[in-house]
Amino acid sequence: MDASDPIAGAMQSAVEAGVFPGAVLSVRFRGAIRYHRAFGLAATVPTPEPLHRDTIYDLASLTKPLATVTSILCLVQEGRLGLDVAVQDYLPELQARPVGGATVAHLLTHSSGLPAWRPFYERVVEQDKLRPGFLGSQAAKDYVLQLIGAEELLAPIGTQAVYSDLGFMLLGLLVERLAGRSLADVVRERVYGPIKAAPLLFLPTKDGRSQMPAGSVAPTEEDPWRGRMLRGEVHDENAYALGGIAGHAGLFGTAEAVLAVSGCWLDSVKGRPSLLRSDLARLFTSRREIVPGSSWCLGWDSPSPPSSSGTKFSPRSFGHLGYTGTSLWVDPERELEVVLLSNRVHPTRKNDKIREFRPKIHDIICQELLAAG
């Protein structure tokens with residue numbers, strides 16, 4: 001490890017150990033950018049490609065807090081949505097369905113009883129064979145809504161915390177139903193545009209292919225199901241089946257753009273001027289006790305040993321992970337924000353070395369920055 005720069009040394013060692021092909025690390029401490037560097041490569045196959053600080057990554061489940069939760073807070077702030085209202089009141093298709101009585105708060109805290117995941121994309125693709133153009137259409141979203149409604153719950157509502165993509169798929173559909181437009185439009189118009197968080201965007205699919213933006217997008221997996229290397233195309237299969245815009249996955253962006261949104265949340269939590277109401281931001285980022293022992297806030301996670309944020313983030317911290325190798329952790333007490341973006345699933349998802357690395361790099365960052373004041 002580089003003694004003169006332990007953070008760089010740890011990141012470079014991770015590249016060499018195959019934790020990821022490359023990664024961008026951005027750290028803001030007390031309002032100042034203290035670290036913003038790229039390490040390793042954007043791609044290793046079919047040919048090596050350089051990585052830059054402004055490389056765009058598939059953010060995977062960072063979509064949940066950065067897009068869906070932020071949109072929901074805005075709807076609550078506008079008086080258009082209630083956290084303790086049953087989801088069936090907003091999505092009548094769920095009336096008399098097992099999950100229909102779950103509240104918005106239950107979905108946000110992963111305590112609705114819904115299972116973690118189901119391969120709905122397989123059934124959507126089957127429908128697309130019968131009805132070309134079905135994939136990614138509004139009809140596909142309506143179909144998935146019916147499939148989620150038919151799911152039997154793993155446990156009674158509010159009794160168990162199970163991290164669930166299905167719950168956030170519902171939340172994304174709920175936002176679209178209330179707003180009358182796509183989740184992508186809602187969050188861009190209400191948040192990303194005003195705070196200049198760019199590039200931070202969904203990449204909708206057309207005819208099963210993504211419309212790539214200008215700029216460099218890091219590839220993810222050589223996907224045997226789709227038969228191609230995924231680049232500028234959402235890695236998550238269910239999000240792909242929904243057209244690339246979904247409540248649980250689909251967002252792409254740079255580390256700098258992610259920091260723009262995390263800064264918006266941090267300002268709100270600290271009571272500084274922000275688009276988000278401070279009381280709501282504090283509520284959403286506080287650990288809930290709907291299920292005893294759960295680490296979940298309202299859509300955000302909080303540190304709970306062993307935590308991906310390491311051992312030094314304060315209990316009031318909030319953050320989230322993304323399956324592709326992304327993460328965001330914010331410590332409001334220290335005013336510390338850490339964004340780590342990687343494509344650890346390139347060229348294959350059969351690589352989970354990042355689990356051990358994440359807490360280590362967060363501890364090293366805390367040691368270096370807090371010791372230096």
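Quick check on segment 219-240: of everything there that is acidic (Asp, Glu) and in a loop (DSSP other than H, G, I, E, B), which residue is farthest from Phe120 (Cα to Cα)?
Residues of segment 219-240 that are acidic (Asp, Glu), as a first pass: 221-223, 233, 236-237.
Now drop any that are not in a loop (DSSP other than H, G, I, E, B), which leaves 221, 233, 236.
On the way: Glu221: 20, Glu233: 18, Asp236: 11 Å.
For segment 219-240, the residue satisfying everything is Glu221.
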Test: residue in segment 266-274 that is surrounded by 19 or more Cβ atoms within 10 Å (Cβ to Cβ) and under 19 Å from Val186 (Cα atoms): no
Would you check which residues across segment 10-32 are among the aliphatic types (A, V, I, L, M) and without any contact (Cβ under 8 Å) to a residue 60 or more places away in the chain and list them? Val15, Ala32
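Quickly run through segment 156-209 and pick out the residues that are of a type in the set (A, V, I, L, M) and surrounded by fewer than 15 Cβ atoms within 10 Å (Cβ to Cβ). Spell out the reasoning first.
First, the residues of segment 156-209 that are of a type in the set (A, V, I, L, M): 157, 161-162, 166, 169-171, 173-175, 178-179, 183-184, 186-187, 191, 195, 197-198, 200-201, 203.
Ala198, the sole residue that qualifies.
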Looking only at segment 310-321, which residues are within 18 Å of Lys360 (Cβ to Cβ) and not basic (Lys, Arg)? Gly310, Thr311, Phe313, Ser317, Gly319, Leu321
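Determine whether segment 280-292 contains at least one residue that is under 26 Å from Lys350 (Cβ atoms) and small (Gly, Ala, Ser). Spell out the reasoning first.
Filtering segment 280-292 down to residues under 26 Å from Lys350 (Cβ atoms) leaves none.
Checking segment 280-292: not a single residue is under 26 Å from Lys350 (Cβ atoms) and small (Gly, Ala, Ser).
Picking from Asp267, Asp236, which residue would you name as being farther than 19 Å from Ile33 by Cβ and of a type in the set (D, E, K, R)?
On the way: Asp267 fails: farther than 19 Å from Ile33 by Cβ.
Checking each option against the conditions leaves just Asp236.
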Please verify whether segment 318-330 includes one or more residues that are hydrophobic (A, V, I, L, M, F, W, C), under 30 Å from Thr47 (Cβ atoms) and touching a strand residue (DSSP E or B) at 6+ places or on another chain (Cβ under 7 Å). yes
Mind checking whether some residue in segment 356-363 is in contact with a helix residue (DSSP H, G or I) (Cβ under 8 Å, 6 or more places away or on another chain), buried (at least 17 other Cβ atoms within 10 Å of the Cβ) and within 21 Å of Asn238 (Cα to Cα)? no
Can you say whether Phe284 is surrounded by 24 or more Cβ atoms within 10 Å (Cβ to Cβ), farther than 21 Å from Gln367 by Cβ and not charged (D, E, K, R), as far as the supplied structure shows? yes
Candidates Ser262, Ser304, Ser309, Ser295, filtered to the one that is at pLDDT below 95, of a type in the set (Ser, Thr, Tyr) and either over 25 Å from Gln127 (Cβ atoms) or surrounded by fewer than 17 Cβ atoms within 10 Å (Cβ to Cβ) (or both): Ser304
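The values are calculated or read from the model by the stated rules, or taken from the named source; none is laboratory data. Small disclaimer: the values here were computed from a predicted structure and weren't measured. With ideal geometry, Cβ positions are generated from the backbone for all residues, glycine too; neighbour counts draw on all protein chains shown.
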